[in-house]
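Data block below; observations after.
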Protein chains: 2
Amino acid sequence: MKLDERHLIQLAAVINAGGVTEGAELLGMTQPAVSRTLALLEKRLGEPLFVKGRRPLRPTPFGRALADHGQAMLLSSRKASELVDNFRYGRAGTVRVAGTQFFMDALISGLIADFHNERPDVRIVQSYGYMPDLQDAIRADRVDLAICPVDVLDGDDMEFQSILPGRNVVACRVTHPLLLKRKLKGPEVLDYPWIAPPPNSPLQADMRALLLSFGSTGVSVPYIGGSLASAINYLTRTDALTILPHGVVFAYRKVGDITALPLRVPHPQRALGILRLAGSPQSPAVTAFTNHIATSFGKLSELIKRHEQSVVWKA
Amino acid sequence: MKLDERHLIQLAAVINAGGVTEGAELLGMTQPAVSRTLALLEKRLGEPLFVKGRRPLRPTPFGRALADHGQAMLLSSRKASELVDNFRYGRAGTVRVAGTQFFMDALISGLIADFHNERPDVRIVQSYGYMPDLQDAIRADRVDLAICPVDVLDGDDMEFQSILPGRNVVACRVTHPLLLKRKLKGPEVLDYPWIAPPPNSPLQADMRALLLSFGSTGVSVPYIGGSLASAINYLTRTDALTILPHGVVFAYRKVGDITALPLRVPHPQRALGILRLAGSPQSPAVTAFTNHIATSFGKLSELIKRHEQSVVWKA
DNA sequence: AAGTTTCATAGCAATTTGCTATATTATATG
DNA sequence: CATATAATATAGCAAATTGCTATGAAACTT
């Protein structure tokens, strides 16, 4: 026999609270409403749920057994309500964020940690990718937002919010011999081995362009394909050089292992920012996350600018 | 935010079944009804539950999380329905049965076992008592039915269904010396020690009346207060006698340890039977149990009658 | 590109839900 | 034992919800 779930929940509330009046209050209903429900239930079941004529309302064994199931439903219902509330205020949910490896690893992962200190119940699903794929992923709803460098946006279905200028620098360890030179021209960098950024990354193209601008023909590139952690480790143990977004070097300023050469690198017309679907309704958690990233960089921007001057233009 | 439990259940059904049509069928509803529910839910929540425009209907993470709670409720609901069905057909529930010790122990406990072979999920709560208390217990709804000897019924709120004539016999072990006597008069029984039935039991009054009818003044009564198992054990190891309902001796015929003296015992105007509240609606399990007891004794009655003749009137 | 399947929408009758006001009943109190 | 008090049941009514059938609109299949 199929019966209404809400009826069982009311039954459970009444039995738990120890009375129709209290049970009704527990559910935010009036006493007559609940009373009628119970009468209806008994009538339909053809079995008494309460020992009639007893004031400290006593359920029959049957009533109690039914109420147990109602109680289970009441708990589930409560949890569902809580879930909804959390979700609506962006305190729960899932954010699927993608981006370029170095940038995600160096800067975004830390911001995610900060975000989780505020909203620990939001799940972050992170993935990596480069520009055309990122755009596809967003369009295919595999990803909510991407954090990546963008020069030209094709298609007007996307919205791009810039958070950082796309400056690159030549990175090396802090004890690198080139840092001792008084006037660093440029071509000297061709004398050192270079680490190549991940294949197909915009950074790789940037590096090629940079080396060509110094007249490179055959620079030694002995290490390719490592992610950020590998690159940093390698850098700190050799005199190798590589190209990195300035933001990445900035992120590692506290560690003190690597820095940038005081060398002007021609930077492309490109900005790092947040890419997402234009005008599409985002879940509150995604909105909150996007805002967090944007405002975090807003606060960082002055710091980053000063750092750039002190490192790149020093001496 | 409070939301309708049935809506969540429908959501769960749809996601589990993998489509609105299948989900609706699962719940015994039509597709438009469920479709509307989902639309309403999404509208109220302000969040999409499904990735729109995809045929193998794909839920959003939020939708899936909500559906999980709905699934829990669906399971609870199913179990509740099952409980109701079982209860309505007397396959589940509780039967509170009370009665006189000897009779319950000797005969009813076995019938309860038979009953449970048919309906294992009915819980039997057994208690002991004598007549006035039993009636009170029934009236106070502490007990569903009583199985006991009744002579006169006071009050017309009770219904009594006779199942066995209230015959008593003098019980002894099968090797008792009195069984060897050709013609047993009666007063010989006064030469042996007697076990007294539990205090306040009708049997105790019967025994007193019996001994008086044989002219007793001071019979030896060395053992008092034991329940049936104790009495039987004691009987089989001594030449003691006691008074027992014939039905009890009948129940132990297979064991072969005790029997009855071929002695006519004046029996009171009394019948063993089932006592319950008249006209009151009984739970199906109680009805089924009552019927089981009544029909079992119906089948036994011929057997019991023959046994009585063979034992009491033999020789 | 047509066919098939599946989902969404519309309209309507019946049920259910909620409320307030009030009657009834059970316990507590004098 | 009557009366006071608290709790539950009932009545009546407006609004929301539920169910259905019929039908339109997409999305996959072929």
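The values are calculated or read from the model by the stated rules, or taken from the named source; none is laboratory data. Model, not experiment: these values are computed from the prediction. Methodologically, a virtual Cβ is constructed for each residue, glycine included, from the backbone with ideal geometry; neighbour enumeration extends over all protein chains shown. With ligands, DNA and RNA removed, areas are computed over all heavy atoms of the protein, side chains included. Shrake-Rupley method; radii C 1.70, N 1.55, O 1.52, S 1.80 Å.
For a quick check of your reading of the model, give me the residue pairs whose first member lies in region B:1-28 and is within 7 Å of chain A (Cβ to nearest Cβ), whose second is surrounded by 15 or more Cβ atoms within 10 Å (Cβ to Cβ) and β-branched (Val, Ile, Thr), with beta-carbon atoms closer than 6 Å and at least 6 apart or on different chains.
Cβ pairs passing all conditions: B:1/A:84.
What number of residues within region B:64-94 satisfy the criterion of being open to solvent by less than 50 Å² (accessible area, probe 1.4 Å), more than 9 Å from chain A (Cβ to nearest Cβ) and modelled with pLDDT under 90?
Of the residues in that region, 1 qualify.
Considering only residues of region B:37-60 that are facing chain A (nearest Cβ under 7 Å) and buried (at least 17 other Cβ atoms within 10 Å of the Cβ), which is nearest to residue A:283 (Cα to Cα)?
Checked region B:37-60; the qualifying residue nearest to residue A:283 (Cα to Cα) is B:47.
How many residues does region B:188-210 hold that are among the hydrophobic types (A, V, I, L, M, F, W, C) and more than 22 Å from residue B:131 (Cβ to Cβ)?
Looking only at that region, the number is 3.
For region A:16-35: of the residues being assigned to a helix (DSSP H, G or I) and more than 9 Å from DNA strand D (Cβ to nearest atom), which is nearest to residue A:50 (Cα to Cα)?
The residue in question is A:16.
Do any helices (runs of 4 or more DSSP H) entirely within region B:190-272 hold 1 or more residues that are more than 22 Å from residue B:147 (Cβ to Cβ), and if so, which? Explain how you work it out, then say what you get.
Values: elements: B:202-213, B:228-237, B:246-251.
Those helices (runs of 4 or more DSSP H) span B:202-213, B:228-237.
Restricting the first residue to region B:243-258 and requiring it to be touching a residue at least 24 places away in the same chain (Cβ under 8 Å), which pairs with a second residue that is open to solvent by 10 Å² or more (accessible area, probe 1.4 Å) and acidic (Asp, Glu) meet a Cβ separation below 8 Å and a spacing of at least six or different chains?
Partner pairs satisfying both residue conditions: B:243/B:206; B:246/B:308; B:250/B:308.
May I ask you to list the residues in region B:44-75 that are more than 15 Å from residue B:14 (Cα to Cα) and outside any helix (DSSP H, G or I)?
Step one: of region B:44-75, the residues more than 15 Å from residue B:14 (Cα to Cα) are B:44-47, B:53.
Passing the criteria: B:46, B:47, B:53.
Output the qualifying pairs, or none if there are none: Cβ atoms under 6 angstrom, residues six or more apart or on different chains, first residue in region B:181-206 and farther than 15 Å from residue B:224 by Cβ and of a type in the set (Ser, Thr, Tyr), second residue in a loop (DSSP other than H, G, I, E, B) and open to solvent by 20 Å² or more (accessible area, probe 1.4 Å).
These pairs meet every condition: B:192/B:239.
Yes or no: residue B:38 modelled with pLDDT of 90 or more, closer than 30 Å to residue B:123 by Cα and part of a helix (DSSP H, G or I)?
In short, no.
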